[in-house]
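Reading through the structure tokens given below for one structure.
All of the numbers you see were taken from the coordinates with simple rules; none came from a lab. Computed from a predicted structure; not experimentally measured. Using ideal geometry, Cβ is built from the backbone for each residue, glycine included, and neighbour counts are taken over all protein chains shown.
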Amino acid sequence: MNSRTPLTRGRFITLEGAEGVGKSTLLPVVLETLKEFNIEVCCTREPGGTPLGEQLREVLLGTEEAMSSKAELLMMFASRAQHIESIIEPALARGTWVLCDRFTDASFAYQGGGRQMGAKKIAVLESWVQEGLQPDLTLLLDASRATSIERTQRRRELDRIESEGDGFFERVRLAYLERAKNDPQRMVVIDANPDFETVCETMRKTLLPKLEQWADQLADV
Ligand code: TMP
């Protein structure tokens, strides 16, 4: 938990992973698991989550103009700044939990790794925009590039970022794994290679002990 927060504050959970790992399929299962604990959850996403953020998302994923990596990174953080201020912080402050489909780990993975911008400048933006806010738990879905390609090929149309090449997504994957290695308390890597039922089972096995632990802490208040 964030040290600056009281125990009644909501928990902040993020779901991450490269394209084709099955994140969208898993998200409703995570949401259901939280609801089993009668937890009030605000489910949201990045880029997006606010009217301004959703407009930025359309530009980020849909524009046909060649986009500078710096512009891309700054728009991700512009969306995040609005999201934190108007949705995430107010929800956590009133005790609602937040489940976010991607957050800053995606900037480190896609812009830092994929676009090869490195981590330093991203860390500066992270510190400025988030003012100490960090997820309490991040579930990182990880699958081999071959599995991910097979899954993305089933999709109709690829957006601007999904259309990047193999090298880009290899770097995204490695940058995610590097982040998880450096922050194992917060980031849990889930093997997303097997079939949906097996991945669900792994996800629940990861999440349930955490929820039980947090529920105990809340009961002790
Ligand atoms: P998705 O949320 O529908 O998976 O798609 C969002 C896309 O935006 C995905 O390709 C990852 C990318 N992205 C970044 O490049 N940087 C970021 O900081 C975030 C949040 C997403």
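Ellipticity at 222 nm from helices only: DSSP H runs of n ≥ 4 in the chain, each -39500 (n - 2.57), divided by the residue count, give -15500 deg cm²/dmol. Taking the number of Cβ atoms within 10 Å of each Cβ as an exposure proxy, the fewest-first ranking of E162, E157 is E157, E162. Using only alpha carbon pairs under 8 Å that are at least six residues apart, calculate the relative contact order of region 12-219 and give it in whole percent. Relative contact order comes out at 32 percent.
Our summary of shape: the Cα atoms of region 12-219 have principal axis extents of 52, 38, 32 Å, ordered from largest down, in whole angstrom. Counted over all Cα-Cα pairs of region 1-116, pairs farther apart than 17 Å make up 59 percent.
In this structure, the pairs whose alpha-carbon distance is over 31 Å, taken from K23/K121; K23/K120; K35/K181; K70/K210; K35/K121; K121/K181, are K70/K210; K35/K121. Here R45, R179, R94 are placed in order of increasing Cβ neighbour count within 10 Å, fewest first, which gives R94, R45, R179. Enter the Cα centre distance for the pair region 106-159 and region 33-69, rounded to the nearest angstrom. Region 106-159 and region 33-69 have Cα centres separated by 13 Å.
From least to most packed, judged by other beta carbons within 10 angstrom and beginning with the fewest, I88, I39, I190 follow the order I39, I190, I88. Computed over all pairs of different Cα atoms, the Kirkwood value for the hydrodynamic radius of region 142-221 is 15.1 Å.
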